[in-house]
Amino acid sequence: MDLPWLFLFSSLTIAFFLTVTVAQQEPLYHFCLDLNGNFTRNSTYQANLYRLLSSFTLDTSNENGFYNFSSGQGSNIANALALCRGDVNSSDCFTCINNANDELRNRCPYQREAIIWYDYCMFRYTNRTILGVAETSPSFYMWNLDNATSTKDAFSQGLASLLNNLTNNASSGTSLGKFSTGSALLPFQAIYALVQCTPDLTKNECSYCLSQAIGEIPQFLDTKRGDRIYMPSCYFRFEIERFYDLTAADTGTTIPSPPSPPRSNDTTTIGNFSSLFY
């Protein structure tokens, strides 16, 4: 990533995103994509897309938080995927997906392809095949403004080891879920992390996607108290306080859990536009 461009972009956009609160009800980021062009009002694609989007509001039977639907055929087919964070209960998952559904339709009214992320879920639709395809763009990342208290080397090495272990665990998951959480205890510092892929990916595809996301950690952010990178097929997040609910996917936390979740509004968001059209 070109650092001069990043700093320039940061200076132009930071004022807009400092007001973003990372919460279930508020989107983290979204992209309206023009790769496949726009559709017109009352077109066949619009009818297929709206039929598809309405199907999400009716299906509450999926317990693993992953949904995929298609409507139509040929060039007018509409495909959609939704993924909830692995520790989110089915009720909150369903609420998040429906919020994302409505919000994305309002923000990208005529784009054939769009994607939106919330803290609890991701939702996307397009007129091309995306099921079983590992995609790493478009992407964006967020970070905590404060530095970690451990030394740079200790923090970077501990973080790399933790994320590598979680990547191995998540990529080895089944079609029911590719999700892993865990923690590491460093000198003067604890790290909690979460990684997840869409469960339609193979082990190698999930591992590849997460390695690409983790490899995007900018050098000047590798000692921040928190960071997260989101891609269409996977994402990761780490903080110095536990931000997720303990599940069977946890690698075995050996350090005390904090009494309350981190202050998620201490993060700044930057869109990674350089990878938008990869």
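Dimensions of the range 63-198 based on its C-alpha atoms, expressed as ranges along the principal axes with the largest first, amount to 56, 32, 28 Å. Taking amide hydrogens as placed 1.01 Å from N in the peptide plane, the amide H of Leu186 sits under 5 Å from those of Ile191, each at least 5 positions away in sequence or on another chain.
Taking 29 Å as the straight-line reach from the Cα of Lys178, the lysines in range (excluding those fewer than 8 positions away in the same chain) are Lys203, Lys224. I need the fraction of alpha carbon pairs in the range 29-134 separated by more than 22 Å, rounded to a whole percent. When every Cα pair of the range 29-134 is considered, 24 percent fall beyond 22 Å. Length available on full extension from Ala160 to Thr202: 0.36 nm per residue minus the Cα-Cα distance, which gives 12.9 nm. 3J(HN,Hα) couplings calculated from phi for the range 29-42 with the Karplus curve 6.51 cos²θ - 1.76 cosθ + 1.60 (θ = phi - 60°) are, in sequence order, 6, 8, 10, 9, 9, 9, 4, 9, x, 9, 10, 9, 4, 6 Hz; Gly and Pro show x.
Over all other residues within a Cβ to Cβ distance under 11 Å of Ala193, the charged ones net out to 0, with Lys and Arg as +1 and Asp and Glu as -1.
Laboratory data are not the source of any read-out in this text; all were calculated from the coordinates shown. Values in this document were obtained by computation on a predicted structure and should not be read as measured data. Methodologically, a virtual Cβ is constructed for each residue, glycine included, from the backbone with ideal geometry; neighbour enumeration extends over all protein chains shown.
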